Structures are given as structure tokens and as C-alpha cells.
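In what follows, a structure is listed as C-alpha cells, so that the remarks can point back to it.
The numbers here are math on the coordinates, done by the rules we state, and not lab data. Everything quoted here is computed from the prediction, not taken from an experiment. Methodologically, a virtual Cβ is constructed for each residue, glycine included, from the backbone with ideal geometry; neighbour enumeration extends over all protein chains shown.
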Amino acid sequence: MPVYTIQPSFSGGELAPSLHARVDLAKYAVGLKTCRNFIVQAHGGVTNRAGTKFVCETAISAKTTRLIPFEFNTEQTYVLEFGHLTMRVIKDGGLVESGGSPVSVTTVYTDAQVGELSFTQSADVMTICHPTHPVKELKRTSHTAWTLTSVTFGTSMTAPGSVASTRQNYDAGNPDTSYSYVVTSVETDTGAESVASSATSITNNNLTSTITNTITWGAVSGANSYNVYKSVGGVYGFIGRSTSTTFKDNNIEAVANDTPAVSRTIFNTTDEYPAAVTYYQQRLVFGQTNNDPQKVYMSQTGNYHNFNVSEPLRDDDAVTFTIASSQVNEVRHLVPLSDMIVLTSGGEWLMTANDGVITPSSIQLKPQGYRGSADAPPLVIGNTIIYIQSKGSIIRDLAFALDSDSYTGNDLTVLSSHLFAGKTVREWAFAQAPGSIVWTVLSDGTMAALTYLREHEVWGWSRHDTDGTYESVCTIAEGDEDATYFVVNRTIGGATKRYIERMETRVISDVADAFFVDSGLSYDGTHTAATTTMTLSGGSTWAHTETLTLTAGASTFVSGDVGNTFTLTIGTETLVCTVQGYTSATVVTVKAGRDVPTAFRGVATTSWAKGVDEISGLGHLEGKVVAILADGNVEAQKTVASGAVTISNPATKIHIGLPIQADLETLNLELGQPTTQGKTKSISAVTLRVESSRGGKVGTDADNLTEFKQRAYETYGTPTALKTGDIRVTMPSKWSSSGSLFYRQDDPLPMTLLAVIPEVSVGG
């Protein structure tokens, strides 16, 4: 008598072989032996990953390229391709062009350096750091206008010149006092203030309402006002502000703790360039130079290029501090949350202040742990940081915990450590919608994907590969989803080619739109312009055997259309016509695929689609075997020759690219107490609960697979519909001690598996 069991969730992802006996773990019940090219869903199911569309070859295919996101707002989002000494711009799956050529910017970064860049962005300006180059700013002034310039640090305002002082009502018979003044220029909107001018000195009696000193100076371009400071005991203190170029001192008391900033030279020589950058509390923050690897630098408040300080220090002055401890703490990353988290080579530090506002005198550093961080930048997901531990093969999260009043977290790789053994994380990126997925490029060119929802305690890993190796990944908001871009190293015709590819959406309503091939391209013959009509004429009986005339409202046809099809739609009805002969650009002869319904006889329609059987433009896959989905039907795989392939029948929607094989294997069946581990088991049938799925094979192992029955009630010539519900598959009986199930999807079709329900017989 068979036993029925169910695995209703796969949220544990692929578990390490060392855990395959741990039936006592909660994760065992939701884990997998293999999860390859499938993605763990937050709700527990698994879905095969979508394919990638070919965007372009990198600017210099022989050299390493890195992708970096640039996001101004939800609509103005770009992917920046940083290659050897050059940068190009990508938007919405294509290169941004100007005058027919890709927009490009010359850079100073070699291919060996692009992976070491640190960057942060404010509006249309991205600040970029590298320890061997001056700090740069990348500015976007329009869709096609981009510039990269070095940052000049210091105040943006020029100190006033021609500073002079005069005295009023001086009495030679009274005691003399020496007075000295300096003036600064101020841009009120930004708060930018110059350094102090040259001093002007004057002797006068003790000042009164009538015995005064008048200070004058030359106007400064861009200045809205001027601050005046008077020397008291050798320190210049603030005595007032003027919106003109003159100021009268009638014995105003100087504020000794409000002094002009002193110019400070910073980040201007080799070994003094910072390696990390971010924004925090209206300050631009840098970390780690070769000479001072443990130091952090914060700009003046609101003056991002100004690192000047006053004496004594003011609250809005620049802040500089060193992380001092018993071990090396090279600053690796600066992460702004409600507090600033500083990740170093030796530990994790919290930068805070008693009242929450960072000032030169209030800053505090508190250690949060001593695990250390690797070079790859961390990711921020909600209010949580995930980062790579110093040796590069362990990934941890870090979030504030009320019970410990500190930042703490978990090892996210401990249950799937085999995916990272002997490897390091090369790059990673987070796609929030859909799926909450962290795409992680590993040093061996494979990829691991983490489904991560901390609030629901969901994290599950899957592995991903392609015909080639992954080298870079980037996510950017595009429409209602986060688009994921990759740089993939592929071998084409014996030569190395680096391609930029974009993962397609998995949200589909029609199986003909399913895109499950890699480095692929699509043909869509759907007509959308309302100006061009199609009209069938010349029929007598209107039988399918009769040759008819198809007339276009504008030049549409070419001589090569003979053998192609045109699908006409009126209302809910469609009619497929095959071209028999070419007359002109507006007239061809055709035969209909069935007797012509009355609705199509001599009636013009603007709803039509052109079907073709030859797809060109595939030179980037020359010599490769490709998978094909044509109008929702799986075609036999073909080899690309002369940049083209020919399919068996014309189709109006075609997707062609490298095949993707997605494999899933359950853990050994455990049916409860007493344990069934070590006992022989036989699975005679399995019910698969699926959602919007088609295709696939299932069996007890990869060598014994049974293909699902697909077509059910669909009419001839239409694609098989996507299935939601239960599919029962009867399999050849095979006894083994494992009792696991193996599922494979190698067709370019969607598959979402919600549960497996095997029928099991248990032996001794």
C-alpha cells in the first residue's frame, strides 16, 4: 500500500551535502539536494529563472568590464559599463546613442581597477573613488551628455580681497588699542564659506558707539553675504554678517568659539586618495587612504567638497577620526543607516553621537563585532546590511537587535556552504522586485542566488550557470521591476566575447511571450501602426484552396516574403495566410489556412502580424546550438550559421538563444517516526502542483526521467496552454534507499513548482 507524503515548500533552497542526514533540522523539510537554475520563491515554491536578452558586446571584449547602477529617479535610470579606460551608458536594455554612436566617456580606470571602484550618488552626480586616482565626479547633464572630472577639495567660495579698515572719531589724547579683522564670503543657499581673507589691522581708541572701525572689502562673485571676524587674544571670533562690502565695529564682542575655517589640503597626492565613499547626515564621507587605512573623513555639513576646520572646532566643521584598536582595521566600506556602520578588515563599528547628530566633538565609535569585511561592497536590504566576511566565502547579515542593543546577524551561507567552498564573491546585486533576490557572481564564473526576506526568516540559495562565465552583475529599477544586467564571458568561434545581457521578466500572460533562453534575441512581427491595413480580396468560393489577393495600405511586402505568413485578426477571430507570390510592395497573392470566414472577406484590418521562418542577426551566437520558442511552440534546436537559423514553420513571435537546463532534486524522503532513512523505497507516481507552467520531466534520478503530458484540449495549431493545478506522472518503479525525486526543465518554457506529492512504497 503506497504512502502519500508532501513537500509543500522549498524555501530552504539547496542544502550542503553535510546536511543531507540532518532530518532533525527544520530546514531539511523545506530543503533540496539540487536547485540549479531554479529560484526559491518567498512563498515556498521554486521557479526556473528567466532567460537573458543580448544587449551588446562590451566596448573592449578582451578586457574585464564592470556594471554600475546610476539612478536619478524612478524613470531616469541607467546602467554604466565601466571598461578599460572607457565608460558607456545603457538604458532600458540598449546602449544610449548620440548621432548614431554609443555615448562614451574616457576614464582613468584600467580593466584591473574597475572592480575596485567605490561610488555614491546624489541627484545627477556620482562620486567615484579609487586608491590610486584622484576622486572623480561623473555628471549627467542630459540623456546623452556625461562628463567625468576630478574633484577639487576645499571651499567653493573665494576669500574677499582688498580688505581695509578705517577709524572714526579717533582722539590722539586717549589710550590706543590695536584691532585686527578678517572677512569671509558666504553663499547663503548652500552655506559655503570661504577661508579668511588677509588680515587688516588698525589702531584706535577703545571703541564706543561713536568711536568705531569700518572694515571694507572687494565684492566676491557668487557671495550673498560676508562674515566679519575680530581678533581676541590671537583668535578671530565672529562679530557680524554683512550683505554689502562694508561693516562697522562699534565695540561688538567677538564670539570666541565661532571662528573662520582654516584651509586644509586633503586627497591631493599619491597614497592620499580615498578608497571608500558615501553620504551621511548631509556630509560626504571618505575612508581609507594608503597612508591612513584606518581613517575616516567627513566633510563640513552641506559643503561636500569642504574638509576645512576651525579653531576652536565648530559643530558643522569637517570631522576626521581614526579607528584605533588592537588589530588592523583598514576601512573597507561606509554604510549609512540610522547610524553609520563602518566595515573594516577586522571588524564592524558603529559611528554615532549622544544626541544623534555627528559633530567633531560628539562622535563616538562602538565595536559591534570582529569578523571583518571583504573588499566587495555590502548590500543594504531594508534596514539590514548583508556583507561578505573578510575571507570572501561567508555572507552575513547585520541589523540592530533590541535585546542586545547592538548590531548583530546571521551566517547566511552556513546551510549552503558547498556553493562557496574554494570560491569568493566577485560581485553581487539586490533585485527587490520581483522576488527579493541577491544575485551573487562567484570567482569561478558561476552564480548563486539568495532569496532573502529577513522579516519572514526566509533565506534560501540556488545555483545558476550558463554557456560561459558570469563576471559582473547590476540591478536597476526599470518600470515595475528591478532589471538585472550581467556581463557574461562566452566563447564564440574559439574567441573570447564579453556580452552585456539583461534578464527578462517572468511576468507573462501568453506562453508566446515566454523568454527562457540565454543571450537571446526576439522577433515580433505584430503590427501596431493604425495607418497600415490588410485586406483580403479576389475570392469566389473563399475556400482554403483558392488563391487570394492580400493588399497592404502602405509599402509592406518584399520579394523574400514568399513562404512567409500574415496572420489577420478581426475581433476574436484570426486567419493565417501564406504568401504564394510577390506582386509589389503593397500586393501579394496568398492562400488561407482554412476557408475564409465572412468577417475577413474584403474587410480591412489594422490588426495583423507577419510570420517568418528565417531569423537573422544572430552573429553573436555563431556556431552555437540554440533553443527556439516560436509562437509558444518549442522548435527543435538549431545551430546558428552565418548569423541565422531557419525554423520549420513561419511564426510571428520567436525567441532564440542558448538553452537553459534547470534541475531540481529533493532530499531523501523522510516519512517520520520510525525513520525511513536507510530503508528501500519505491516511488511509483508523483503529483506535481504547478502554477503557470509547461513542459518538464520527472523521475527518481537524472538518468530516469518521464516527460509530462502537455497537450490536453487545445485546438490544432494553437500552443499548449500554461497549466495551473496538479499534474500526476506515473513513473517506472525503482527501489532505492534515497527515495528522492529529480525534476528537469530543459525546454524554453516557464515552470513554477509549488509542491511535490510522491506515492511511496517502503521496504525493509
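Coordinate range of the alpha-carbon atoms in the stretch 195-322 per principal axis, descending: 57, 31, 27 Å. Compute the separation of the alpha-carbon centres of the stretch 1-67 and the stretch 425-475 and state it in Å as a whole number. Computed from Cα coordinates, the inter-centre distance equals 10 Å.
Report the convex hull volume per residue for the stretch 164-249, counting only C-alpha atoms, in Å³. Intermediate results must be reported in sequence, preceding the final value.
Details: hull volume 7.6 nm³, N = 86.
That works out to 89 Å³ per residue.
Dimensions of the stretch 524-658 from C-alpha coordinates, computed as largest minus smallest value along each principal axis and given longest first, are 48, 27, 26 Å. Taking the fewest neighbouring Cβ atoms within 10 Å as the starting point, the ordered list for K610, K391 is K391, K610. Each residue of the stretch 441-518 gets 135 Å³ once the volume of the Cα convex hull is shared out per residue.
Could you list D271, D561 so that the one with the fewest beta carbons within 10 Å of its beta carbon is first and the one with the most is last? Each step should come with its number before you reach the end.
Details: D271 10, D561 19.
Lowest to highest Cβ neighbour count: D271, D561.
So for H620, H333, fewest C-beta neighbours within 10 Å to most, what's the order?
H620, H333
Scanning residues 5 or more positions from E478 or on other chains, those with amide H under 5 Å from its amide H are A483, with H placed 1.01 Å from N in the peptide plane. With the charge dipole of the chain set up from +1 on Lys and Arg Cβ and -1 on Asp and Glu Cβ about the Cα centre, the Cα lying farthest toward the positive end among the listed residues A429, V30, G763 is that of G763.
Once you have the Cα-Cα distance between S231 and K423, take 0.36 nm times their residue separation minus that, and quote the gain in nm to one decimal. Mind dumping the intermediate values first?
Working: separation 192, 0.36 × 192 = 69.12 nm, distance 6.24 nm.
Extra length from S231 to K423 when fully extended: 62.9 nm.
Short-range pairs are left out: with C-alpha atoms under 8 Å and at least six residues apart, the relative contact order of the chain is 12 percent.
What is the mean projected area of the alpha carbon convex hull for the stretch 611-764, to one decimal in square nanometres?
Details: hull surface 42.5 nm².
Value for the stretch 611-764: 10.6 nm².
Annotation: amide H of H527 within the under-5 Å range of W608, A609, K610, sequence separation 5 or more or interchain, hydrogens built in the peptide plane.
Shown here for the stretch 263-337: trypsin sites (Lys or Arg not before Pro) in loop regions (DSSP other than H, G, I, E, B) with at most 15 other Cβ atoms within 10 Å, namely R264. A dipole drawn for the stretch 164-249 from +1 and -1 charges on Cβ atoms has a positive end, and of Y236, N206, S225 the residue lying farthest that way is N206. Here the extension length gained between V762 and Q389 equals 129.8 nm, from 0.36 nm per residue of separation less the Cα-Cα distance.
Hey, with R₀ at 25 Å, roughly what FRET efficiency would D444 and T110 work out to, going by the Cβ-Cβ distance, to 0.05? Intermediate values should be presented prior to the final figure.
Details: r = 23 Å, r/R0 = 0.93.
The pair D444/T110 has a calculated efficiency of 0.60.
Expressed as cubic angstrom per residue, what is the convex hull volume of the alpha carbon set of the stretch 19-152?
Values: hull volume 25.8 nm³, N = 134.
Per-residue hull volume (Cα only) is 193 Å³.
Computed across the chain, the Kirkwood hydrodynamic radius from all distinct Cα-Cα pairs reaches 31.1 Å.
Label positions at A401 and A529, each projected 7 Å from the Cα along the C-beta direction, are separated by 6.4 nm. For D747, the amide hydrogen comes within under 5 Å of the amide hydrogens of G696, counting only partners 5 or more places away or on other chains and with H modelled in the peptide plane. With each label modelled as a point 7 angstrom along the Cα→C-beta vector, the N354-T322 pair spans 2.5 nm. This model, with +1 at the C-beta of Lys and Arg and -1 at the C-beta of Asp and Glu, gives the chain a dipole about its Cα centre of some 1260 debye. For the pair T158 and V603, how long in nm is the line joining their label points, each one 7 Å along Cα→Cβ? If labels sit at T158 and V603, their model points lie 7.7 nm apart.
Counted residue by residue at 0.36 nm each, then reduced by the alpha carbon distance between them, the extension gain from N410 to S684 reaches 94.6 nm.
Each residue of the stretch 347-361 was assigned a 3J(HN,Hα) from its phi angle through the Karplus expression (A = 6.51, B = -1.76, C = 1.60, θ = phi - 60°), giving x, 10, 10, 9, 9, 8, 8, 4, 9, x, 9, 6, 9, x, 9 Hz with x at Gly and Pro.
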